[in-house]
Amino acid sequence: MKKEQEKEEVLVGMEPTGQYWLNLGQFLKQVGIKPLLVNPNHVKRSKELDDNSPTKNDVKDARVIAQLLKDGRYSEPNIPTGIYAELRTGMNLRDRLMTDLNRIKGRVDNWLDRYFPEFRTVFKNWDGKQRF
């Protein structure tokens, strides 16, 4: 399409919703095209301005994203590669695990308070080594 339209540069824009955009973004980066991201909230609000309707469909979303790109309302993502991609993945995984751990600790505290209120008079902590 770039050759057919005799253009020098191609802009590829997308909404960064979930993980769906990441593989396409990495592929585009590998072939020398910058992936551009538009804010999903901007897409939603701009869509309503065009036809006063919040309806959602692929054609309408693509038109709104193209308009946002044309207006310069986008950002260029930092997509790490190699060891940096692995570090980012590891950090995200650790963050999720820590969130899960805190949630589980809260549940255990709740259960102990409800069903074994005397537990804390005998033990200081339930999640560590005890000394008698």
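The values are calculated or read from the model by the stated rules, or taken from the named source; none is laboratory data. Everything numeric in this text was worked out from a predicted model, so none of it was measured. Glycine also receives a Cβ, built like all others from the backbone with ideal geometry; neighbour counts cover every protein chain displayed. Side chains are part of the model used for accessible areas, which takes the heavy atoms of the whole protein and leaves out ligands, DNA and RNA. Shrake-Rupley method; radii C 1.70, N 1.55, O 1.52, S 1.80 Å.
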Selection from the stretch 79-98 of residues open to solvent by less than 70 Å² (accessible area, probe 1.4 Å) and within 18 Å of the chain's Cα centre (by Cα) yields ILE79, PRO80, ALA85, GLY90
If we keep just the residues of the stretch 1-49 that are surrounded by 10 or more Cβ atoms within 10 Å (Cβ to Cβ), charged (D, E, K, R) and more than 19 Å from the chain's Cα centre (by Cα), which is nearest to ALA62 (Cα to Cα)?
LYS47
So which residues in the stretch 6-18 are within 16 Å of ASN78 (Cβ to Cβ) and part of a loop (DSSP other than H, G, I, E, B), if there are any at all?
PRO16
Count of the stretch 1-27 residues which are of a type outside the set (A, V, I, L, M) and within 19 Å of VAL43 (Cα to Cα):
9
Output the residues belonging to the stretch 38-96 that are without any contact (Cβ under 8 Å) to a residue 24 or more places away in the chain and under 17 Å from GLY18 (Cβ atoms).
ASN41, LYS44, LYS56, ASP58, ARG88, THR89, ASN92, LEU93, ASP95, ARG96
Residue under question is ARG114, and the condition is that it be surrounded by 10 or more Cβ atoms within 10 Å (Cβ to Cβ) and free of Cβ contacts under 8 Å to residues at least 24 places away in the same chain; does it hold?
no
